[in-house]
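These notes are about the structure you will find just below.
The values are calculated or read from the model by the stated rules, or taken from the named source; none is laboratory data. Bear in mind that the values here come from a model prediction, so they are computed numbers and not experimental data. Counting neighbours? That spans all protein chains shown, and the Cβs are built from the backbone with ideal geometry, glycine included. Surface accessibility is based on the protein's heavy atoms, side chains included, excluding ligands, DNA and RNA. Shrake-Rupley method; radii C 1.70, N 1.55, O 1.52, S 1.80 Å.
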Amino acid sequence: KQWYQRRVAITAGRLIHPKLDEQLLLAKKVQLIDALKELSMHEPNLDFLSPEYKDIIQNADKLQAAFKLQPCHLERLYGMITDLYIDKFKFKGLNVKSKVPMLLEVLDNYELETLVDFFEISAV
């Protein structure tokens, strides 16, 4: 039974992982746009920037447009994972709603294995 529960959490995590990873990366890039644009206005030479930051500056409009097309996508993914977490423990007769803020912190610093580990040990 334990193996099955771990398997469900891992499978669900792997199914959601690509979209969650993509949305988190997009959100982080969009958060950097204003600072990088400000820097580019005051610095004539941006050769010191990493290729990733240069790419963000060059594709700022595309990144912002992509983010605006899916404004609630990240929140929906967080909601799905939170519901899965609550339901998993509800079936065991446990109420883990008080641990949702810790789950959201894990999601904000997202790594798949950390999330799976949280699903396994957080109700203990």
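On the accessible surface of the chain, probed at 1.4 Å, how many percent belong to carbon and sulfur atoms? Show your work: numbers first, answer last.
Details: 4920 of 8510 Å².
The computed percentage sits at 58.
Please state, as a whole number in µm²/s, the translational diffusion coefficient that the Stokes-Einstein equation yields for the chain at 4 °C and 1.567 mPa s, with Rh defined as the Kirkwood radius across alpha carbon pairs.
The calculation lands on 78 µm²/s.
Translational diffusion coefficient of region 15-56 at 25 °C, 0.890 mPa s, Stokes-Einstein with Kirkwood Rh over Cα pairs, in µm²/s as a whole number.
Details: Rh = 11.6 Å.
Rounded to a whole number, D works out at 212 µm²/s.
Would you mind checking the pairs 28/68; 68/99; 19/68 and listing those with alpha carbons more than 19 angstrom apart?
Pairs exceeding 19 Å: 68/99.
Can you tell me the accessible area per residue over the chain, all protein chains present, probe 1.4 angstrom, in square angstrom? The partial results should precede the final answer.
Details: 8510 Å² over 124 residues.
About 69 Å² of surface per residue is accessible.
If I take R0 = 41 Å and measure r between the Cβ atoms of residue 57 and residue 117 in this structure, what FRET efficiency does the formula 1/(1 + (r/R0)^6) give, to the nearest 0.05? Write out the running numbers ahead of the final one.
On the way: r = 36 Å, r/R0 = 0.88.
For R0 = 41 Å, the calculated efficiency reads 0.70.
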